[in-house]
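A.B. asks: Have a look at this one.
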Amino acid sequence: MSLENICSVPGCGKPRSKRDWCSGHYCRWLSHGDPLGGSRRTMNGEPLRYVQEVVLSFTGEECLIWPYSGNGAGYGTVSINGKNRYVHRMACEKANGPAPTPRHEAAHTCGRGKIGCVNPGHLVWKTHPENMKDSVDHGSSAKGTQAGSAKLTEENVREIRALHGQRSQKDIGEMFGVSRSLVSVIHARKSWGWLDD
């Protein structure tokens, strides 16, 4: 086998799979941000050093994009004492102190969380509904009829709200071809909450 087809990790010798690594080193890179991840040597390695030396002291105005692997949805993670932590939450804690409650989320004022922004200056604590409203306002999340799976129009939702207390949620759901549980979350404004009556 030629050296071009061998994993680039010194001493590995296994066939190259993805990037320049064998499948094992590629999986470690996905999980830990380092092809040698998972060992004592790298748990406190480059990704964690980057958090401590770059992210937590960053004061620039532009987005600081996480350069290592993440959780698959674009958010950077590091392993600390065997536990994965979100880098953007660590940056938010540095900038704003601990979360007000365990349910608060680190929200991106730049709208670029899904591409890995970890700039502490772009992060604030928000509740889940506040964070979701921001993602709609930033255009990073589809709302209403823009969502590919939407069965209802804005007018349908207004009608469903107007029927609250007049008919059962089950009956309303049957009228509009949706589940009783969707009617319930619309009445509670947990779905389509951004829509005014």
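A.B. asks: In nm, give the distance between the simple-model label positions of Leu195 and Leu36, each being 7 Å from the Cα along the Cα-to-Cβ direction.
C.D. replies: Distance between the two pseudo-spin positions: 5.5 nm.
A.B. asks: Something else: Under a straight-distance cross-link criterion of Cα-Cα below 19 Å, which aspartates and glutamates are reachable from Lys190, leaving out those fewer than 8 residues away in the same chain?
C.D. replies: Within the straight-line limit of under 19 Å, Lys190 reaches these aspartates and glutamates: Glu105, Glu130, Asp134, Asp137, Glu154, Glu155, Glu159.
A.B. asks: While we're looking at this one, here's another question. Provide the solvent-accessible area of Tyr50, counting protein heavy atoms only and rolling a 1.4 Å probe, rounded to the nearest 10 Å².
C.D. replies: 40 Å²
A.B. asks: Sticking with the crude label model, points 7 Å out along Cα→Cβ, report the distance from Glu130 to Glu61 in nm, one decimal please.
C.D. replies: Taking the simple label geometry, Glu130 and Glu61 are separated by 2.5 nm.
A.B. asks: In Å², and per residue, what accessible area does segment 1-134 have when probed at 1.4 Å with the other protein chains present?
C.D. replies: Counting only protein heavy atoms, the per-residue value for segment 1-134 is 59 Å².
The values are calculated or read from the model by the stated rules, or taken from the named source; none is laboratory data. Everything quoted here is computed from the prediction, not taken from an experiment. As a convention, Cβ positions derive from the backbone with ideal geometry for all residues, glycine included, and neighbour counts pool all protein chains shown. All accessible areas refer to the heavy atoms of the entire protein, side chains included, with ligands and DNA or RNA removed. Shrake-Rupley method; radii C 1.70, N 1.55, O 1.52, S 1.80 Å.
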